[in-house]
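Below is one structure, written out as C-alpha cells, with a few remarks after it.
The values are calculated or read from the model by the stated rules, or taken from the named source; none is laboratory data. Predicted, not measured: the structure shown is a model, and the values here were computed from it. As a convention, Cβ positions derive from the backbone with ideal geometry for all residues, glycine included, and neighbour counts pool all protein chains shown. For the accessible areas, the whole protein counts, side chains as well, though only heavy atoms, and no ligand, DNA or RNA atoms are used. Shrake-Rupley method; radii C 1.70, N 1.55, O 1.52, S 1.80 Å.
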Amino acid sequence: MDIKQFNGENVTKFDPIDSFELYPESIQELQNCLKIAIEKKICLFPISTGRNWGLGSKLPPDNKSVILNLSKLNEIYDYDESKGVIVVGPGVTQDQISKFLIQKKSDFFLDVTASSKDTSLIGNTLERGISYNCLRVKNVLGIELIDGQNRILKTGQWRFENSKSKYCYPYGIGPDLSGLFFQSNFGIIIKMVYKLKRKSKYSCSVQLKFDTIENVAKSLPTINELLESKIFDNILHIANKERALISIKPEIIKNSQNDTNLANKAMQDLGKLLDKEWIGTNSLFAYDKNSLKYQKKIIKNQLSQFAKVEFVDIPFQEKIIRILKFLGLKSIALVAKSAVPFRDLYNGTPTDSALGCVINQNRFNTFVELSKYVDSENVGFIYTLPITHLSEKNCIEIVQTTEEISEKHFFNPSITLNIVDVNCLEAVISIEFDISKRNEAHRCIDEIENTLISKGHYPYRTNIKKMGNFPENEQYVEVLKDLKLIFDPNNIIAPNKYGI
C-alpha cells in the first residue's frame, strides 16, 4: 500500500494542511487500514479520487484526519448488458466507464457530469451529484460498504446473492439502509450498482436563448409542464452568459492552433451568437423520427414566447462544421467545434473541456492529464449550490441576490440554473478568482450562501468549511448521532462531515 505526504493543495484555496494519503489497493488492505485506525484511534477521511473541486478537493472537514484515497480500487466488478447495469469500485472514473462501454459496443452510456473525465462515479453520486440528464441517486440500485466496526454490508435486493431482481429493484425487503450512506460518515462505500442510460436512435440538442432572467422565470411553469408530460425527459441547464463564455473560450484558443487572429474573430462571433443573457440547453432522445419531430413542435410552440428556440441534430454536428469551413466561415466553424464537447455531455461523452477556466492555457492546449493540475494552479473557484421550489419568484430571488452580493465584492458570478426535476430548481453558483483575491472570494460566496439560506434556499451539498452550520431539529441530530454510534462507535470515519 502506498503512503504519500499530502500538501493540502485545493482549487478552492482553503488553508492547506499537512497530512498523509493512504492508497489501499484491495478491499482487504482497506479493512487492515480500518482495523489499525480503530486500534490507534486514527481518524480516516475516505475519498474516491479527491476531485471535490470548488468544495474542498481532498481536504477533510476536520483538518486532521489521514486521507484514505480509494482511487486504486478502480475495478469494474460486473456489467449486465441486458439490464444496462454496471458494478464499480470507488476509484472508477467517468472516462474508464465510457471507454469500457465503447469496447463492449454497449447499447447504454453513463450519464456524465461536466467536471472532468477523471472524476469518480461513486464519489459524486454519494454527494448526490447531478449529471447532465438526471439526479445520480435515482440510478443507484445498491451499495456495498465497510462500516466503522469493519463489517461489510450490502443494501437493497443486492444483498441476496441469488436474487433475480438484484439489478432492477433497489429496495430489498424490510428497512432499506442505502440512503443512510449518502452525504454521511457512517461507512466507506466499496462498490455500487448503477443503472446506465440506454442510447436512442434519434437525438438533437435544444438551445433556448432568453433576453432576461425575467423571461427565464416566466418560462418555468411551462417548462415544468413539459417535464411532467415527458416532452423534456432530462435536466434543462440554463446558464448566464458569463458561464458560457468562460467555458468555451479556452476551447476556442486551443482549437485555433495558435492562430490569434482566428481565435479573436471566433470570440467576436461567439459574442454575437450568445446575443442573449441566458442560454438554455437540453437534448431530446427518441426511438423514431416522428416522436422527435413531435417533441420539437411542442417545445417550439410552448417556449417561443419566452425565448429563441433552436435545434441542432447531434449526429450532423461534424457535417455542419465541414460545411462552414467549405463556405469560408472558419471562425464560425471554430466556435461550433469548440462547443461540441459540451453538447456531447448529454450523450455520455466525458470531457476535460470545462477545466479551461482554471487551467493555464498552455497546459490546457496539451489536454494531457489536466485533472492533476487543477488544485495547484493560481486560479481558484468556489461553489454554492442552492436548491429550491421551481417558481418565478424563487428563480429571480436567487439570481438577484447572487448578482447584488457579487457586485458588492467585485466579482462576476457564473450561474447555471438546472431544472433537475418536476417542481425542483437547483442553482450552480461559482466565483472564479485569482489567488490574491482568495479571502474576498470566500467572503463573497459565504454571504451569498448565508443570505439564500435566510430566504429558504438551502444548498443540497456544501463545502467542507460549511458542513454542520445549518440549523437542525435537535431530535434529528440526536438520531444521527445514535446512528453514528451504531455504525462507527469510535468515530473513526470522517468526523465532522455534515456536522456529525
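Descriptive notes on the structure:
- Cβ-based net charge around Gly56, under 12 Å, with every Lys or Arg adding one and every Asp or Glu removing one: +2
- Low-density loop positions, GluC sites (Glu not before Pro), the range 392-485 - DSSP coil, at most 12 other Cβ in 10 Å: Glu472
- Average accessible surface for the chain: 45 Å² per residue, computed with a 1.4 Å probe over protein heavy atoms with every protein chain in place.
- Nearest-ten-degree value, helix 330-343 long axis tilted from longest Cα axis of the chain: 30 degrees
- The range 71-152 - percent of accessible surface contributed by carbon and sulfur, probe 1.4 Å: 46 percent
- Gyration tensor verdict on the range 382-500 (Cα atoms; rounded if a/c is under 1.5, prolate if a/b is larger than b/c, oblate otherwise): oblate
- Between the range 1-77 and the range 220-253, the alpha-carbon center distance in angstrom: 35 Å
- Label-point separation in nm, Ile396 to Glu318, each point 7 Å along Cα→Cβ: 4.7 nm
- Relative to the longest principal axis of the Cα atoms of the chain, the long axis of helix 289-303 makes an angle of roughly 80 degrees.
- Here the contact order of the chain, divided by its residue count and restricted to Cα pairs under 8 Å and six or more residues apart, works out to 19 percent.
- Taking a ≥ b ≥ c as the square roots of the eigenvalues of the Cα gyration tensor, the range 61-185 is oblate, since a/c reaches 1.5 or more and a/b is not larger than b/c.
- Under the simplified labelling scheme, the Asn473-Ile173 pair shows an inter-label distance of 3.1 nm, with each label point 7 Å from Cα along Cα→Cβ.
- Nearest-20 debye value, the chain charge dipole, Cβ charges on Lys, Arg, Asp, Glu: 1500 debye
- Residue-averaged 222 nm ellipticity for the chain, from DSSP H runs of 4+ at -39500 (n - 2.57), nearest 500: -10500 deg cm²/dmol
- Its relative contact order, with pairs defined as Cα atoms under 8 Å and 6+ residues apart, puts the range 38-136 at 24 percent.
- Residue pairs exceeding 29 angstrom between C-alpha atoms, taken from Lys197/Lys300; Lys4/Lys154; Lys197/Lys293; Lys41/Lys195: Lys4/Lys154; Lys41/Lys195.
- Heavy-atom accessible surface of the range 157-217: percent carbon and sulfur, 1.4 Å: 53 percent
- Cross-link pairs exceeding 29 Å in C-alpha to C-alpha distance, out of Lys58/Lys218; Lys249/Lys308; Lys64/Lys455, comprise Lys58/Lys218; Lys64/Lys455.
- Each of Ala37, Gly84, Thr49 was scored by the projection of its Cα onto the charge dipole of the range 1-93, and the greatest displacement toward the positive side belongs to Ala37; charges sit on the C-beta of Lys, Arg, Asp and Glu.
- Loop-located trypsin sites (Lys or Arg not before Pro) in the range 313-387 (DSSP state not H, G, I, E or B) with no more than 12 neighbouring Cβ atoms inside 10 Å do not occur.
- Gyration tensor (alpha-carbon) shape descriptor, the range 304-449, a/c threshold 1.5: oblate
- Degrees between helix 241-255 axis and first principal axis of the chain (Cα, 0 to 90, nearest 10): 80 degrees
- Rounded to 0.05, the FRET efficiency of the Thr222 and Phe20 pair, given R0 = 56 Å and the Cβ-Cβ distance, is 0.55.
- Nonpolar atom fraction for the range 379-500, defined as the carbon and sulfur part of the 1.4 Å probe accessible area, stands at 50 percent.
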